[in-house]
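Report on one structure; see the data block that follows.
The values are calculated or read from the model by the stated rules, or taken from the named source; none is laboratory data. Note that this is a predicted model, so its numbers are computed, not measured. In this analysis, Cβ positions are derived from the backbone assuming ideal geometry, glycine residues included, and neighbour counts consider all displayed protein chains. Please note that ligands, DNA and RNA were not included when accessible areas were found on the heavy atoms of the full protein model with its side chains. Shrake-Rupley method; radii C 1.70, N 1.55, O 1.52, S 1.80 Å.
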Amino acid sequence: MDLAKLLFFLLSFFSTYVSSQLSTSFNTSVIPITKDPKASLYKITWSGSRRQPYYLIDLDAPFTWKDCTVHRPKKEVDCGVKDCQLPLPCYFSFCKEARSYVNPICPSLNTTAKYGCDFCVVTPANPISKSCKMSQLTTDFASFSGTNGRNPSTGLFYSLPFYFSCAPSSLRRSLPKDVGGVVSFSWSNLALPRQVAFGYVREKFALCLPSSSMGPGVTFIGDGPFYLLPFSNLDVRSFLSYTPMLRRTPKSLGYYVKINRIFIQGKQLSLPLLKSSPVKLSTVVTYTTLRSDIYKALVTSFAEATKKIPRVSPVQPFGLCFKASAIGSVQAGFRVPKIDLEMGSGKNWTISGDNSMKRIGNGAACLAFVDGGLGVEDAIVIGSFQMENNFLFMDLLKQRLGFSSSLLARGTSCSNFNFTEISE
């Protein structure tokens, strides 16, 4: 049996197998998010045909990749449903999707003359080291837990074929030790949420990043509902505000929003060009990074609003630091002004002290925003520290972002999903 026929056979089998696992009550899957304490990066894992590594969450990646080797089975029986990583041909639709997004740091993909069409040659990239390698698109079997919104359910466990790229081990450099690859949560059709979005699952997902490695955060793929303890009957969707999501260009994969104005303690920052600069969301940039003119205006205004709080010398990469004992704590609430981002919809995303102040030891706490310089591609990149304990709901169908502001102000957090499995 040639490769194309084998692939067709396997995918047909996968589809039949997946359909047999689904319940009519299934519409959302759930995966825990772990924070790496040293790198301040966020990772997930799931079940599959072999022990899966952790994957770094990336909102920009065109496809998922992991450290592995593609193999061509010698005969059909060598490639069963539970153990299959075979090269995909270049004419496969997902290959065309993977190759349609060109990263300027990656090598050229004019490889057909050298490799023919038996392989789908792609270029997985590491967003931390900014490195890129050449490898092949392949497929494997992945399994996920469904949820009723309150707990994972053993009765809603399901499996599906999952398309990703293998990559050489050298591409893992600069990633946390237990991270074996990158998982895509972008606009791409090869991103995890879109690959899971079939049947009863809609093209929507939520990210709730934890602030500590002590307890997991959570990502949901699907419509919801979503419940966080101790409020077992309060759906998080009920208190979300929404704003349109943008794409910087038709081929861009990251998520962008508009910010109309920024306020600190009710006072508007003077930023006349803010509306023309789309704002990017990133899980691989730790602290919100601002173009120099925006950063200067923010720091100047925040310094004026906090002039009675004792200062300490700035600690890199921050430009404004305070005596930590003078601003309180996360538990009691930091005694610093709130920063309001007026979104394109007119709704405010409020950044309170738990997302604006970073305790860095030696009695210092700093305003956790970074000067990105004047020549940055994106005027504002909202980093993961500002997203922690904020519930973000990406509706890819309606192209809108739901946001909660800090969950701590509501008496809960991203680590409050109940991961105790139940039967349903």
Inset, instruction - Counting only C-alpha contacts under 8 Å and six or more residues apart, can you give the relative contact order of the chain as a whole percent? - result: 19 percent
Inset, instruction - Working from Cα positions, state the angle (0 to 90°, nearest 10) between the long axis of helix 3-21 and the longest principal axis of the chain. - result: 60 degrees
Legend entry - Rounded to 5, the percent of DSSP beta bridges in the range 274-424 classed as antiparallel: 75 percent
Legend entry - In Å², nearest 10: area of D118 left accessible to a 1.4 Å probe: 80 Å²
Inset, instruction - Order these peptides, 244-250, 410-416, 96-102, by their mean beta-carbon neighbour count within 10 angstrom, highest first. - result: 410-416, 96-102, 244-250
Inset, instruction - Go through F334, S352, I309 and say which Cα lies farthest out towards the positive end of the charge dipole of the range 240-352; charges sit on Cβ, +1 for Lys and Arg, -1 for Asp and Glu. - result: S352
Inset, instruction - Report, in degrees rounded to the nearest 10, the 0 to 90 angle that the Cα long axis of helix 292-305 makes with the longest principal axis of the chain. - result: 40 degrees
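Determine, from the Cβ-Cβ distance of S174 and N418 and an R0 of 25 Å, the FRET efficiency 1/(1 + (r/R0)^6), rounded to the nearest 0.05.
About 0.15, to the nearest 0.05.
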Inset, instruction - Mind running the shape call on the range 130-283? Use the C-alpha gyration tensor, a ≥ b ≥ c as the square roots of the eigenvalues: rounded below 1.5 for a/c, prolate if a/b tops b/c, oblate otherwise. - result: oblate
Inset, instruction - Among DSSP beta bridges whose residues both lie in the chain, state the antiparallel percentage, nearest 5. - result: 85 percent
Legend entry - Karplus-derived 3J(HN,Hα), 6.51/-1.76/1.60, for each residue of the range 397-411, Hz, glycine and proline x: 6, 8, 6, 9, 10, x, 9, 9, 6, 5, 6, 4, 5, 9, x
Inset, instruction - Give the Cα extents of the chain along the principal axes, in whole Å, largest first. - result: 77, 51, 39
Inset, instruction - Return the calculated 222 nm mean residue ellipticity for the chain, to the nearest 500 deg cm²/dmol, obtained by summing -39500 (n - 2.57) across DSSP H runs with n ≥ 4 and dividing by the residue count. - result: -3500 deg cm²/dmol
Legend entry - Heavy atoms of S238: accessible area, 1.4 Å probe, square angstrom to 10: 80 Å²
Inset, instruction - Specify the inter-centroid distance of the range 284-322 and the range 210-246, based on alpha-carbon positions, in whole Å. - result: 29 Å
Inset, instruction - Return the single residue from L407, L234, L320 with maximal mean-square fluctuation; model: Gaussian network over the chain, springs between Cα atoms under 10 Å. - result: L234
Legend entry - Accessible-area value, I221, 1.4 Å probe, nucleic acids and ligands omitted, Å²: 0 Å²
Legend entry - Distant-in-sequence amide H partners of D60 (H built 1.01 Å from N, under 5 Å): F185
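Working with all protein chains in place, sort S345, S188 by solvent-accessible area computed with a 1.4 Å probe, largest first.
These residues rank, largest area first, as S345, S188.
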Legend entry - Out-of-range pairs (alpha-carbon distance over 19 Å; input K258/K358; K280/K358; K35/K358): K258/K358; K280/K358
Legend entry - Whole-number percent relative contact order across the range 213-271, with pairs defined as alpha carbons under 8 Å at least 6 apart: 16 percent
Legend entry - Mean Cα-pair separation over length for the range 306-390, i.e. relative contact order, pairs under 8 Å, 6 or more apart, %: 26 percent
